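Take a look at the structure set out below.
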Amino acid sequence: MKTLKIFIAGLLCALVIFFAGMHFAQERNEPDVTSDLIESTLIQSSDLITTKYHYSRVGKFENSLELNGWSVPLTNKTFILQFQGEIQAGIDVKECKVEIKDKEVIVTLPEAKVLNHILDENSIEVYDEDNNIFNPIHVDDYKTFAIQQKKVALKEAKEKGLMEEAEKQTKAAIEELIRALPQVDETYTITFQ
């Protein structure tokens, strides 16, 4: 009977030591939250496109030959160009800096910028083309005019708050990425600079 009690006591001690070891081993296996860990998680996102702005433009091209600053009569050429495009804004995540102070993750973000500006070539339509023998329409006229119209569309998008929206969406996306890391959600606060 005494041997059985010693055996059961030894077994209980072994079980307590085993489960305590498992518990401490689990705690050690969880990765420490470091700025390098967070930065490497962010860098996997590469360019972070957070805002897309779709637009449709119609513009009129008009040109005539000039002589000494005067428009030469009967040399006017015109066309109307319609097309659609998309502006993608966000940040280059490689430019982010992460710092951890106490239980606060401080993320320094670069300014949002245009990452891509795509003109949908399939949407291009030309109307009211008025060609002139003395001043014919060239392919470069279409190209130059489309580039000018893209600049106008970008300016309008910025005036409508494209960059501010991109910054707001970037912060939300980065916070979601960081909070997905183990231990961050429950113990750290995230602030942006």
Revision key, fill the gap. Here the residues within the stretch 134-179 that are open to solvent by 70 Å² or more (accessible area, probe 1.4 Å) and assigned to a loop (DSSP other than H, G, I, E, B) are Phe134, His138, Lys160
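Output the residues belonging to the stretch 103-113 that are open to solvent by less than 50 Å² (accessible area, probe 1.4 Å) and not in a loop (DSSP other than H, G, I, E, B). First the steps, then the outcome.
Of the residues in the stretch 103-113, the ones open to solvent by less than 50 Å² (accessible area, probe 1.4 Å) are 105-107, 109-110, 112.
Those that are open to solvent by less than 50 Å² (accessible area, probe 1.4 Å) and not in a loop (DSSP other than H, G, I, E, B): Val105, Ile106, Val107.
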**Study point:** Of all residues making up the stretch 81-102, the number that are under 23 Å from Asp140 (Cβ atoms) and either open to solvent by 40 Å² or more (accessible area, probe 1.4 Å) or not aliphatic (A, V, I, L, M) (or both)
**Key:** 4
Check your understanding: Restricting attention to the stretch 126-133, does a residue exist that is assigned to a helix (DSSP H, G or I), touching a strand residue (DSSP E or B) at 6+ places or on another chain (Cβ under 7 Å) and either within 30 Å of Glu62 (Cβ to Cβ) or open to solvent by 70 Å² or more (accessible area, probe 1.4 Å) (or both)?
Key -> no
**Study point:** Residue match in the stretch 116-128 (condition: among the charged types (D, E, K, R), more than 19 Å from His54 (Cβ to Cβ) and at pLDDT below 85)
**Key:** yes
Practice item. Can you confirm whether the stretch 44-60 contains a residue that is at pLDDT below 90, under 21 Å from Lys160 (Cα atoms) and in contact with a Pro (Cβ under 7 Å, 6 or more places away or on another chain)? Key: no
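The values are calculated or read from the model by the stated rules, or taken from the named source; none is laboratory data. Note that the coordinates shown come from a computational prediction; the quantities given were computed from them, not determined experimentally. We place every Cβ from the backbone using ideal geometry, glycine too, and count neighbours over all the protein chains shown. In case anyone asks, the SASA skips ligands and DNA or RNA and just uses the protein heavy atoms, side chains included. Shrake-Rupley method; radii C 1.70, N 1.55, O 1.52, S 1.80 Å.
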